[in-house]
């Protein structure tokens, strides 16, 4: 009788643990698919990036959350000559973006913090903005790698030749991501850009590496891998797919949710 009780207790515990894991890993992953992402890159004025970082840390992140905007990631480039800060936030959906951003902008607490931070001059000279939706087929188990820490990220943007979005999607889905992993790179998240005026989408994704040097070494090995060369050549029988690639290495800021 005691053994039956112990088995039942064990089964109940396993059921609870399973439910918790499903809640942590599966539900959030599904929820991510419908979110609308905004990536902003702020070029700071000379000597002003520390003040910009402090404003984010002391005020902006909290006020984003207060006004319904989700903080996803905050980075600065590994290149010391690049005086920018890149951050990614998320909204429940595309329709809510302008409403929530306006709500944040009109928040008296934000307006006071903004004014105080710029008492000695503007912090930002330029803002670049990209809207994105997640590519769920390319982004398995996104939450699993959310807070691994002690790593650098590579932000890669692919500009495809006209009509080649499906081709790049298929190549990444069926081959590229697996080959990245084979060479020690971690697939973190994949997006497609939301373009205006009928322009073709771009593929944007994040890879994680232990350090920048390791990332570059891994990519060099990947590029020489006979398996990759075979896949690339086969996928390009009807013409080249990628017109241009932009890559930047990024270090997560201490307060970034994604590390």
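Where a number appears in this text, it was derived from the coordinates with a stated rule and is not lab data. Not measured: the values here are computed from a predicted model. Here Cβ is always computed from backbone atoms with ideal geometry, including for glycine, and neighbour counts include all displayed protein chains.
Side notes on the structure shown:
- Anisotropy class of the stretch 135-252 from Cα gyration tensor, a/c 1.5 cut: oblate
- You can think of it this way: the chain between residue 103 and residue 229 has 40.4 nm of extra reach, that is 0.36 nm per residue less the Cα-Cα gap.
- Rounded Å value of the spacing that divides the Cα centres of the stretch 45-67 and the stretch 212-259: 31 Å
- FRET efficiency for residue 81 and residue 58, using Cβ-Cβ distance with R0 set to 22 Å, rounded to 0.05: 0.25
- Footprinting exposure proxy for 191, 101 (fewest neighbouring C-beta atoms within 10 Å first): 101, 191
- Förster radius 30 Å - calculated FRET efficiency between residue 221 and residue 170 (Cβ-Cβ, nearest 0.05): 0.80
- Sorted peptide list for 153-160, 211-218, criterion being average Cβ within 10 angstrom, highest first: 153-160, 211-218
- Working from the Cα coordinates of the stretch 209-259, the gyration tensor eigenvalues give, after taking √(5λ), semi-axes of 30, 15, 9 Å in decreasing order.
- Dividing the Cα radius of gyration of the stretch 36-132 by its Kirkwood radius returns 0.96 for Rg/Rh.
- Segments 232-240, 128-136 sorted - mean Cβ within 10 Å per residue, highest first: 128-136, 232-240
- Computed lengthening from residue 161 to residue 200, 0.36 nm per intervening residue step minus Cα-Cα distance: 13.2 nm
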